[in-house]
Amino acid sequence: MEAQERYNSWLQDPHIDADTKEELRGLADNAAEIEDRFFKWLGFGTGGLRGTLGAGSNRMNIYTVRLVTQALANHLIAQGKAEGGVAIAHDSRRMSPEFTEAAASVLVANGIGVYVFPTVAPTPLLSYAVRYYKASAGIVITASHNPPEYNGYKVYNEHGNQMLTDEALSISSQMAKLGLDNVLVDPNPKENALWRWIDEDVIESYYQRLLEIAPQTDSTEHLRILYTPLHGTGGRFVPEILRRAGFSKVSTLEEQMIPDGNFPTVDYPNPEDPKAFQLAFAKTKDEPCDLIIATDPDADRMGVAVYHGGDWVLLSGNQVGVLLSDFLLSNLEPAQAGRSVVIKTIVTTEMVQPIAAKYGAEVRSTLTGFKYIGTLMDHLPMEHKEFVFGFEESYGYLAGTAVRDKDAIVASLLVCQVAAHYQKQGLTLVDRLEQLFAEHGYYLQDLVSYSFATSREAERSRAFIRQLEHQPITSIGSEPVVEVLNYGKGIHLDLRSRQKTTIRLPREGVLQWITANGSKVTLRPSGTEPKMKLYVEVKGTNREDAQKRLLAIKEAFNELVEAGLRG
């Protein structure tokens with residue numbers, strides 16, 4: 001169906017409300033906007049739905065939410081899982097409560113029970129609720145750290161894990177068969193006997209599990225903490241878990257404590273962005289503190305700033321992951337550490353390898369995305385192994401097995417415990433990081449993004465990647481390449497022995513090169529946009545050495561990219 005045809009059908013559709021039709025009539029003379037809003041249905045993948053708010057099949061609105069929920073209902077019924085019900089949570093974004101009700105109205109109309117959070121709730125708490133109720137699935141209405149004009153819809157399976165490719169394909173194929181006239185809707189879902197509000201017992205249980213996960217410490221009384229949820233869902237939960245753990249000097253950034261989908265005090269509600277800390281930095285001029293913690297709108301990502309040497313130092317996701325891994329492993333008995341596993345993604349720092357080895361623990365790498373970490377967690381008990389910690393470079397961390405997604409609540413607790421532990425020794429987290437560098441080598445990382453403005457550039461980038469697959473790079477700058485990993489084909493090639501082995505991970509279009517000096521270069525093309533990302537990590541003897549080598553690797557690979565794009 002063409003965009004204009006779909007636009008006209010919405011104007012005539014009795015299922016579309018009058019206000020939406022009025023918005024659409026205002027587009028009558030804007031062919032480009034009609035094309036953008038209606039050239040397709042918003043796509044569903046392993047990350048669920050995500051898009052800008054507005055009327056149209058390619059926008060986030062109650063109709064796209066209802067359509068994907070009908071597909072989910074069909075999937076659950078076909079799998080014989082409808083009786084388990086679905087837990088639903090939402091964040092502070094615009095239209096999140098309305099989308100929650102829209103999803104629930106479809107599920108109960110299909111005879112599927114729902115467990116609904118009455119107010120905003122973090123994504124990890126939804127994962128916990130799925131497991132708590134033994135539900136068949138979970139839904140979170142969130143666009144994570146995207147700008148204010150976005151919202152989204154993430155789906156979790158019965159393990160509390162984001163759906164993997166096969167499950168997502170089942171839902172998207174169901175969705176492709178549907179029209180709005182196929183969607184069942186209960187007009188008064190809250191009055192339906194299948195609607196159940198999630199009560200405080202679930203939240204209390206969640207707190208208790210997190211406190212059991214975190215190592216006990218008696219060093220909490222002096223650490224001064226400033227926290228901001230960036231107008232998101234963490235405002236209730238992070239201060240409370242810190243209070244329960246014994247941290248008494250916790251202040252909050254009041255301007256950002258109120259959940260608000262307009263994010264009025266920050267351009268980009270992402271703790272990975274240094275600008276997200278600007279208000280917090282300003283507050284510390286009058287109220288000094290030792291640590292600033294920020295969480296994103298759905299409280300699955302966490303960022304940390306450390307007061308060190310008279311200034312604020314922002315830690316990277318890799319650095320926080322290394323600090324938390326070391327802390328957790330150091331608190332285990334040797335026998336338990338020996339059967340413990342830290343899970344990271346393939347683009348995350350290798351520095352955790354020697355740290356884990358020091359304690360006798362194992363590190364496993366999996367594909368990018370916490371859904372893969374969550375899935376791997378469930379396989380460890382069959383090997384008589386224990387999951388202790390998982391992390392990714394993009395500010396996601398998880399300890400313990402109560403949840404199957406990254407959890408900024410437990411991560412906030414853990415990073416405060418580590419900071420308090422070393423404060424007692426007269427050290428900051430930066431000091432401790434320098435100790436780990438001195439012991440294990442200076443690891444430094446960077447990320448380069450390539451965007452292609454034209455279809456010709458995008459096609460050249462795809463041709464370049466195909467060339468890299470068929471003609472392996474043998475050196476990057478002055479560093480010889482010794483290993484090539486093609487995750488799309490599942491092949492690991494050792495250039496020294498010319499031996500090929502199988503990569504036992506799901507297939508994903510990623511290329512990776514390891515040099516003789518231990519540098520790691522990873523290229524991830526986007527499957528949906530004309531973009532690709534380059535992840536670079538080097539290991540140096542000190543900061544100056546690492547920075548020099550990092551710059552050389554980036555420049556050398558950039559020359560390869562530019563030459564490849566020229567054809």
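The values are calculated or read from the model by the stated rules, or taken from the named source; none is laboratory data. Nothing here was measured: the structure is a model prediction, and the numbers come from that model. Cβ atoms come from the backbone with ideal geometry, glycine included; neighbour counts cover every protein chain shown.
Please give the number of the condition A89 fails out of (1) among the small types (G, A, S); (2) touching a Phe, Trp or Tyr at 6+ places or on another chain (Cβ under 7 Å); (3) surrounded by fewer than 24 Cβ atoms within 10 Å (Cβ to Cβ).
(3)
Taking the stated definitions as given, is T375 among the hydroxyl-bearing types (S, T, Y), in contact (Cβ under 8 Å) with a residue 40 or more places away in the chain and surrounded by fewer than 21 Cβ atoms within 10 Å (Cβ to Cβ)?
Working: among the hydroxyl-bearing types (S, T, Y): yes; in contact (Cβ under 8 Å) with a residue 40 or more places away in the chain: yes; surrounded by fewer than 21 Cβ atoms within 10 Å (Cβ to Cβ): yes.
When the stated conditions are applied, T375 passes them.
Is there a residue in region 462-483 that is closer than 16 Å to T368 by Cβ, part of a strand (DSSP E or B), in contact with an Asp or Glu (Cβ under 8 Å, 6 or more places away or on another chain) and at pLDDT 95 or above?
Looking only at region 462-483, we keep the residues that are closer than 16 Å to T368 by Cβ, and these are none.
The answer is no; no qualifying residue exists.
Please determine whether any residue of region 494-516 is part of a strand (DSSP E or B) and within 24 Å of the chain's Cα centre (by Cα).
As a first pass, look at region 494-516 and keep what is part of a strand (DSSP E or B): 494, 499-502, 511-515.
Filter once more, keeping what is within 24 Å of the chain's Cα centre (by Cα): 511-512.
For region 494-516, residues part of a strand (DSSP E or B) and within 24 Å of the chain's Cα centre (by Cα): present.
Looking at this structure, is K385 touching a Lys or Arg at 6+ places or on another chain (Cβ under 6 Å) and surrounded by fewer than 19 Cβ atoms within 10 Å (Cβ to Cβ)? Lay out the reasoning, then the answer.
Values: touching a Lys or Arg at 6+ places or on another chain (Cβ under 6 Å): yes; surrounded by fewer than 19 Cβ atoms within 10 Å (Cβ to Cβ): yes.
In short, yes.
Could you list all residues from region 344-358 that are in contact with a Gly (Cβ under 9 Å, 6 or more places away or on another chain) and not charged (D, E, K, R)? Outline the logic, then answer.
Start the filter on region 344-358 by keeping residues that are in contact with a Gly (Cβ under 9 Å, 6 or more places away or on another chain), which leaves 344-345, 348-352, 354.
Correct list: T345, T348, T349, M351, V352, P354.
At least 1 residues that are of a type in the set (V, I, T) and either exposed (fewer than 15 other Cβ atoms within 10 Å of the Cβ) or outside the structural domain of G179 (by TED's automatic domain parsing) (or both) in each: list the helices (runs of 4 or more DSSP H) lying fully within region 1-69 that qualify. If you could, list the steps in order and put the result at the bottom.
Details: elements: 3-12, 18-25, 31-38.
Ranges flagged: 18-25, 31-38.
Just to be sure before I move on: is K548 basic (K, R) and either surrounded by fewer than 18 Cβ atoms within 10 Å (Cβ to Cβ) or without any contact (Cβ under 8 Å) to a residue 12 or more places away in the chain (or both) in the structure I sent?
Details: basic (K, R): yes; either surrounded by fewer than 18 Cβ atoms within 10 Å (Cβ to Cβ) or without any contact (Cβ under 8 Å) to a residue 12 or more places away in the chain (or both): yes.
Against the criterion (basic (K, R) and either surrounded by fewer than 18 Cβ atoms within 10 Å (Cβ to Cβ) or without any contact (Cβ under 8 Å) to a residue 12 or more places away in the chain (or both)), K548 qualifies.
Name every residue in region 202-225 that is among the hydroxyl-bearing types (S, T, Y), out of contact with any Phe, Trp or Tyr (no Cβ under 6 Å at 6 or more places or on another chain) and in a helix (DSSP H, G or I), in order of residue number. Walk me through it before giving the result.
Step one: list which residues in region 202-225 are among the hydroxyl-bearing types (S, T, Y), which gives 205-207, 217, 219-220.
Then drop every residue that is not out of contact with any Phe, Trp or Tyr (no Cβ under 6 Å at 6 or more places or on another chain), which leaves 205, 207, 217, 219.
Across region 202-225, the qualifying residues are S205, Y207.
Whether any residue in region 186-201 is closer than 30 Å to L230 by Cα, assigned to a loop (DSSP other than H, G, I, E, B), free of Cβ contacts under 8 Å to residues at least 24 places away in the same chain and of a type in the set (V, I, T) is what I want to check.
No, region 186-201 contains no residue that is closer than 30 Å to L230 by Cα, assigned to a loop (DSSP other than H, G, I, E, B), free of Cβ contacts under 8 Å to residues at least 24 places away in the same chain and of a type in the set (V, I, T).
When you scan region 164-185, do you find a residue that is closer than 20 Å to F370 by Cα and without any contact (Cβ under 8 Å) to a residue 60 or more places away in the chain, even just one?
Yes, region 164-185 contains a residue that is closer than 20 Å to F370 by Cα and without any contact (Cβ under 8 Å) to a residue 60 or more places away in the chain.
Scan (1) farther than 25 Å from Y487 by Cβ; (2) within 29 Å of the chain's Cα centre (by Cα); (3) free of Cβ contacts under 8 Å to residues at least 40 places away in the same chain for the single condition R466 breaks and write down its number.
The failed condition is (1).
Only one of these conditions is not met by S170: (1) at pLDDT below 95; (2) assigned to a loop (DSSP other than H, G, I, E, B). Which number is it?
(2)
Regarding L398, is this residue closer than 20 Å to Y227 by Cβ, in a strand (DSSP E or B) and of a type outside the set (F, W, Y)? Spell out how you get there, then give the answer.
Numbers: closer than 20 Å to Y227 by Cβ: yes; in a strand (DSSP E or B): yes; of a type outside the set (F, W, Y): yes.
Spelling it out, L398 is indeed closer than 20 Å to Y227 by Cβ, in a strand (DSSP E or B) and of a type outside the set (F, W, Y).
Give the residue, chosen from L223, L178, that is in contact with a Cys (Cβ under 9 Å, 6 or more places away or on another chain), at pLDDT 90 or above and not charged (D, E, K, R). Let's see the steps before the verdict.
Numbers: L178 fails: in contact with a Cys (Cβ under 9 Å, 6 or more places away or on another chain).
Answer to the selection: L223.
Here is a list: L447, L429, L380. Which entry is touching a helix residue (DSSP H, G or I) at 6+ places or on another chain (Cβ under 8 Å), touching a residue at least 24 places away in the same chain (Cβ under 8 Å) and either surrounded by fewer than 24 Cβ atoms within 10 Å (Cβ to Cβ) or hydrophobic (A, V, I, L, M, F, W, C) (or both)? Spell out how you get there, then give the answer.
Details: L447 fails: touching a helix residue (DSSP H, G or I) at 6+ places or on another chain (Cβ under 8 Å); L380 fails: touching a helix residue (DSSP H, G or I) at 6+ places or on another chain (Cβ under 8 Å).
Matching residue, one of L447, L429, L380: L429.
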